Amino acid sequence: MKKYAIIVAGGTGQRMKSAVPKQFLLLQGKPILYHTLLQFKKAFADIELILVLPQNQFSTWHLLCQEHPEILQQCPHHLVEGGATRFHSSQQGIQAIQENQQALVAIHDGVRPLVSITCIQQAYQHAEEHGNAVLAVSSKDSIRQWDNNENVYLPLDRTQIKLIQTPQIFEFSLLKRAFQQEYQDSFTDDASVVELLGIDIHLVEGNYSNIKITTPEDLLIAEALTQKV
């Protein structure tokens, strides 16, 4: 089945305390986005990549591609302008796909460059069998939730909690139908958009190193993890 991956990156670098948007920061000497794109190409050589960026970041990305020619050599991709929210950026990426045949489409955070190749491959396989697949891991920490009635944080059973990651993979026809819905504040990720159609979401095992790089500490951790590999 035809495979696509929509890589969504709209960060500004505010939480990273950087003038450079976080997706353009260097990890092991190359832009974070390069590592992210490369993982999907390593997983499936024939995958089609769609990169969604704010229009005002296009020129920066083009310059980085010139400075690092391996980006386009190893990870050819379509560049698409993003929207005002994550929902609208995903929507723009989906609309860029001209596909009448059956296809699987992953949507992935651009600043999750350490998703494992095995996880990507297994998630696509699960999505092909069940219609969708969303990476998730169990919480390692104790968790508490605020209770307005008791005015206290009450403990939750962490064995019943899953931490959601990306990629989130769906049949293209299902994803296209889901993103024809009007935007709602309750759309916390792409799976929540699909779920509103009454579709059951299938969770598959992610990897703990698949962190979302949003702070300077995250970047240090990513550097350590890539050196370990």
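The values are calculated or read from the model by the stated rules, or taken from the named source; none is laboratory data. Because the structure is predicted, anything quoted here is derived from the model rather than measured. So basically every Cβ, Gly included, is an ideal-geometry build from the backbone, and we count neighbours across all protein chains shown.
Data for the structure
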{"read-out": "Residue in segment 131-146 that is outside any strand (DSSP E or B), modelled with pLDDT of 95 or more and closer than 24 Å to D200 by Cβ present", "value": "yes"}
{"read-out": "In segment 18-27, the residues that are in a loop (DSSP other than H, G, I, E, B) and either at pLDDT 95 or above or among the aliphatic types (A, V, I, L, M) (or both)", "value": "A19, V20, L25"}
{"read-out": "Any helices (runs of 4 or more DSSP H) falling wholly within segment 154-229 and containing at least 1 residues that are touching a helix residue (DSSP H, G or I) at 6+ places or on another chain (Cβ under 7 Å)", "value": "172-178, 190-195"}
{"read-out": "Inter-residue pairs, beta-carbon under 8 Å, first closer than 11 Å to Q28 by Cβ and in segment 204-229, second hydroxyl-bearing (S, T, Y) and part of a loop (DSSP other than H, G, I, E, B), 6+ apart", "value": "L225/S209"}
{"read-out": "Options A133, A96, A103; residue that is aliphatic (A, V, I, L, M), in contact with a strand residue (DSSP E or B) (Cβ under 9 Å, 6 or more places away or on another chain) and buried (at least 19 other Cβ atoms within 10 Å of the Cβ)", "value": "A133"}
{"read-out": "Among the candidates K30, K41, residue that is charged (D, E, K, R) and either in contact with a helix residue (DSSP H, G or I) (Cβ under 7 Å, 6 or more places away or on another chain) or under 21 Å from Q180 (Cβ atoms) (or both)", "value": "K41"}
{"read-out": "Residue in segment 136-160 that is nearest to N100 (Cα to Cα), counting only those that are touching a strand residue (DSSP E or B) at 6+ places or on another chain (Cβ under 6 Å) and among the β-branched types (V, I, T)", "value": "V137"}
{"read-out": "Some residue of segment 65-75 being surrounded by 14 or more Cβ atoms within 10 Å (Cβ to Cβ) and either touching a residue at least 60 places away in the same chain (Cβ under 8 Å) or assigned to a strand (DSSP E or B) (or both)", "value": "no"}
{"read-out": "Hey, S116 touching an Asp or Glu at 6+ places or on another chain (Cβ under 7 Å) and hydroxyl-bearing (S, T, Y) or not", "value": "no"}
{"read-out": "Top-ranked residue in segment 31-49 [being in a helix (DSSP H, G or I) and among the aromatic types (F, W, Y); ranked as farthest from T166 (Cα to Cα)]", "value": "Y34"}
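This table checks each residue for (1) touching a Lys or Arg at 6+ places or on another chain (Cβ under 6 Å); (2) surrounded by fewer than 13 Cβ atoms within 10 Å (Cβ to Cβ); (3) closer than 21 Å to Q39 by Cα; (4) not small (G, A, S).
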site: R144; (1), (2), (3), (4): no, yes, no, yes
site: Q165; (1), (2), (3), (4): no, no, yes, yes
site: F170; (1), (2), (3), (4): no, no, yes, yes
site: R177; (1), (2), (3), (4): no, no, no, yes
site: I211; (1), (2), (3), (4): no, no, yes, yes
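Conditions (1) closer than 19 Å to I213 by Cβ; (2) in contact with a Leu (Cβ under 6 Å, 6 or more places away or on another chain); (3) among the aliphatic types (A, V, I, L, M); (4) surrounded by fewer than 21 Cβ atoms within 10 Å (Cβ to Cβ), marked per residue:
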residue: V8; (1), (2), (3), (4): yes, no, yes, no
residue: K41; (1), (2), (3), (4): no, no, no, yes
residue: I47; (1), (2), (3), (4): no, no, yes, yes
residue: T60; (1), (2), (3), (4): yes, no, no, yes
residue: A84; (1), (2), (3), (4): no, no, yes, yes
